[in-house]
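Since the structure comes first, as structure tokens, the remarks are kept for the end.
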Amino acid sequence: MTRSKPATFAVAVVALLVVTGSAVLLRGTSTGAPSADQYVSVLDQVLTEPEVPGVVVRCGTNEDRHLNADNPVVSPGIPFGAHHTHEYVGNRSADSRSTDESLAAATTTCENGDLSTYYWPVLRLTDAVGHDEHADGGGLHGNAGEVLRPTSVEVRYDGSPVSDVLPMPRFLRLITGDPAAFTNDHGPNTRARWGCSDQPGRFTTKYPRCGSATTLRGYDFPSCWDGSNTDSASHRTHVVFPLAGGTCPAKTFPIPRLRVTVGYDVPDGRPFAIDSFQEELRDPATDHGMYINVMPQARMAELVGRLNRSR
């Protein structure tokens with residue numbers, strides 16, 4: 001997500017220190033690692049979503065190391081506007097300068113010509129020195145540590161459990177999760193989902209200690225479209241989440257539900273954290289993902305046909 005730097009940030013930090021005393025110190029350490037209470041070994045939540053047909057699009061694991069501190073969904077045209085570093089798969093050109101035209105003219109890491117861009121905050125080992133220790137998005141914005149490369153990335157489009165789905169419009173923008181979840185007191189937009197590969201069907205909003213198992217981050221995007229807009233002022237109201245059971249709210253229409261799952265082999269016992277805004281203190285609940293649909297229309301039609309036939 002992207003945020004312009006508030007002029008009163010320093011004053012706000014001082015006020016927070018005065019009001020909460022040592023509370024801020026308990027949330028992090030001088031190395032940039034979150035406090036110990038942000039890590040758990042037990043995944044305390046269970047997935048209850050219905051099984052539906054899905055199509056996986058292979059996009060690699062960012063072998064090209066496409067990283068930047070931009071956000072082409074929320075702050076196009078503003079270099080380093082995210083104040084933290086994003087990791088990308090898909091469209092090789094995505095950055096602050098991206099337009100619909102430039103994305104459509106680029107190349108991609110995805111199969112079958114899917115030019116879409118999929119991105120999320122990097123994960124770092126906070127006890128090591130990062131390549132951007134003195135750069136925007138990295139150390140200059142409080143995100144210290146070595147960027148950990150993903151070992152797996154699954155891009156999956158699911159159908160609806162209750163009806164056929166419509167094609168996504170090209171250049172649709174989506175966001176899931178709340179990058180300000182800490183200061184928003186883990187409000188309704190919080191959708192962080194952390195897991196371990198040896199505990200399928202379970203997750204937590206904290207950092208999991210997975211031992212030798214793969215650490216997983218899951219991004220579940222909204223899938224009920226207003227039928228006309230590819231974006232909105234909040235980047236949320238044009239596509240919303242289904243109701244319980246999978247039915248879309250009134251005046252919205254089901255489209256394929258994008259799910260991205262990213263895996264990491266985190267060395268056992270070492271501290272790790274995602275990038276965040278400085279005031280969010282690298283809280284694991286601030287995890288979030290972004291997406292721009294640049295899939296060719298013929299490919300989208302084929303995908304939708306497969307999902308609907310599978311029903």
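The values are calculated or read from the model by the stated rules, or taken from the named source; none is laboratory data. Only a predicted model underlies this, so the values are computations on that prediction, with no experimental measurement involved. Glycine gets a Cβ as well: all are built from the backbone with ideal geometry, and neighbour counts include every protein chain shown.
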Test Asn91 against the stated conditions and say whether it is touching a helix residue (DSSP H, G or I) at 6+ places or on another chain (Cβ under 7 Å) and either within 23 Å of Tyr157 (Cα to Cα) or touching a residue at least 40 places away in the same chain (Cβ under 8 Å) (or both).
yes
For the stretch 43-64, give me the residue count where each residue is part of a loop (DSSP other than H, G, I, E, B), in contact (Cβ under 8 Å) with a residue 60 or more places away in the chain and either among the β-branched types (Val, Ile, Thr) or farther than 22 Å from Leu243 by Cα (or both).
8
So Ser116 fits all but one of (1) in contact with an Asp or Glu (Cβ under 9 Å, 6 or more places away or on another chain); (2) modelled with pLDDT of 95 or more; what number is the exception?
(1)
I'm checking my understanding of the structure. Among residues of the stretch 271-311 that are in a strand (DSSP E or B) and within 26 Å of Val129 (Cβ to Cβ), which one is nearest to the chain's Cα centre (by Cα)?
His288
Might you check whether a residue that is touching a helix residue (DSSP H, G or I) at 6+ places or on another chain (Cβ under 9 Å), assigned to a strand (DSSP E or B), of a type outside the set (Lys, Arg) and modelled with pLDDT of 95 or more occurs anywhere in the stretch 70-88?
no
Subset of the stretch 106-130 [in contact (Cβ under 8 Å) with a residue 60 or more places away in the chain, under 28 Å from Val266 (Cα atoms) and acidic (Asp, Glu)]
Asp127
Matching residues, the stretch 96-110, being crowded, with 16+ Cβ neighbours inside 10 Å and outside any loop (DSSP other than H, G, I, E, B)
Leu103, Thr108
Does the stretch 290-311 contain at least one residue that is hydroxyl-bearing (Ser, Thr, Tyr), touching a strand residue (DSSP E or B) at 6+ places or on another chain (Cβ under 9 Å) and surrounded by fewer than 15 Cβ atoms within 10 Å (Cβ to Cβ)?
yes
Of the residues that make up the stretch 74-90, is at least one in contact with a Phe, Trp or Tyr (Cβ under 9 Å, 6 or more places away or on another chain) and among the polar types (S, T, N, Q)?
no
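Those residues that are more than 24 Å from Val56 (Cβ to Cβ), under 19 Å from the mean Cα position of the chain (by Cα) and assigned to a loop (DSSP other than H, G, I, E, B), I need them from the stretch 234-265; list them, please.
Of everything in the stretch 234-265, those that are more than 24 Å from Val56 (Cβ to Cβ), under 19 Å from the mean Cα position of the chain (by Cα) and assigned to a loop (DSSP other than H, G, I, E, B) turn out to be Ser234, His235, Arg236, Thr237, His238.
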Counting only residues that are among the small types (Gly, Ala, Ser) and touching a Lys or Arg at 6+ places or on another chain (Cβ under 8 Å), how many does the stretch 105-141 have?
3
Working carefully through the options Tyr219, Tyr207, find the one that is in contact (Cβ under 8 Å) with a residue 60 or more places away in the chain, aromatic (Phe, Trp, Tyr), crowded, with 22+ Cβ neighbours inside 10 Å and under 20 Å from Thr61 (Cα atoms).
Tyr219
